[in-house]
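Each remark here refers to the structure printed beneath this line.
The values are calculated or read from the model by the stated rules, or taken from the named source; none is laboratory data. Quantities reported herein were computed from a predicted structural model and do not represent experimental measurements. Accessible surface is based on the protein model in full, side chains and every heavy atom, while ligands, DNA and RNA are left aside. Shrake-Rupley method; radii C 1.70, N 1.55, O 1.52, S 1.80 Å.
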Amino acid sequence: MAIREFEPMLLRRINDHAADTEVTSFKGFRIDGSRAPRVGMLGLGSAVDEIATDHLQGALQTTGNTYDFAISGEGYFVIDTPQGERYTRDGSFYRAANGQLQNVRGQAVLSAQGRTITIPPEAVHVNVAGDGRIYADGAEIAQLGFVQFDGKNAVIKQGDNLYRPQEGARPQQATGVIEQGMLEMSNTSVVTEMVELINNYRVYEAGSKAVQTQDTLLDKAVNDVGRTS
């Protein structure tokens, strides 16, 4: 998530927008209303500028499961959903009762030709090569749909570890390698995130102190400095 600062607000003295007021016409003093004197700048805090996805490679963990696939490098698996083809790096698949290769939500994993993949019921040894070719007892039966896109922002998060392509984005053959019996873990470092959290808290705390100081100075200016007998 990227954070940006709100546009700072330019402060001007009250009623300075008019030339003939009790403030600006005091003792014959007049100003051009379009060039009222500036008091200073007031920051208005921060806002969420963009929610972005970090596509850095996560660590690979060995599971030993036949239908667990991890991607080393660039690439996405292709999943058939009611909304159309979607893409994922979550390779936790299984063989359904009908032999179809599916993800944990029961959605079919598609082949390079855009068709569902069926594992023969009599297959004992199922192996997957680095390019996605699936072999059952030594015979090639299908090839996993394995694609990538130009640019990290070509796909948008949809939820459930699925991505949908941006308008105009076209998939192409992936350059990564598929690792069987492994899963890709989160690319988030707990230690790094804790350090960033503490740092952000310190920055927020410093900003809060600055606001309190500004409020105290304004209180002094209004109630003490501006007091008349």
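Given H placed 1.01 Å from N in the peptide plane, which residues other than close sequence neighbours of G132 have an amide H under 5 Å from its amide H?
HN-HN under 5 Å from G132: I178.
Can you give me the accessible area per residue for the range 156-229, using a 1.4 Å probe, in Å²?
Result: 81 Å² of accessible area for each residue.
Using the Karplus curve 6.51 cos²θ - 1.76 cosθ + 1.60 with θ = phi - 60°, work out ³J(HN,Hα) for each residue of the range 210-216 in order, rounded to whole Hz, and write x for Gly and Pro.
5, 5, 5, 5, 4, 5, 5
Tell me, what % of the accessible area of the range 91-228 is carbon and sulfur with a 1.4 angstrom probe?
That fraction is 52 percent.
For Q158, enumerate residues with amide H under 5 Å from its amide H, sequence gap 5+ or separate chain, H modeled in the peptide plane.
Y163, R164
Taking amide H positions as placed 1.01 Å from N in the peptide plane, with prolines and chain starts having none, which residues 5 or more places from T81, or on another chain, fall under 5 Å of its amide H?
For T81, whose amide H was placed from the backbone, the distant partners under 5 Å are R86.
Go through the range 127-139 residue by residue and turn each phi into a ³J(HN,Hα) via Karplus (6.51, -1.76, 1.60, θ = phi - 60°); whole Hz please, and just put x for glycine and proline.
After applying 6.51 cos²θ - 1.76 cosθ + 1.60, I find 10, 10, 7, x, 8, x, 5, 9, 10, 10, 6, x, 9 Hz.
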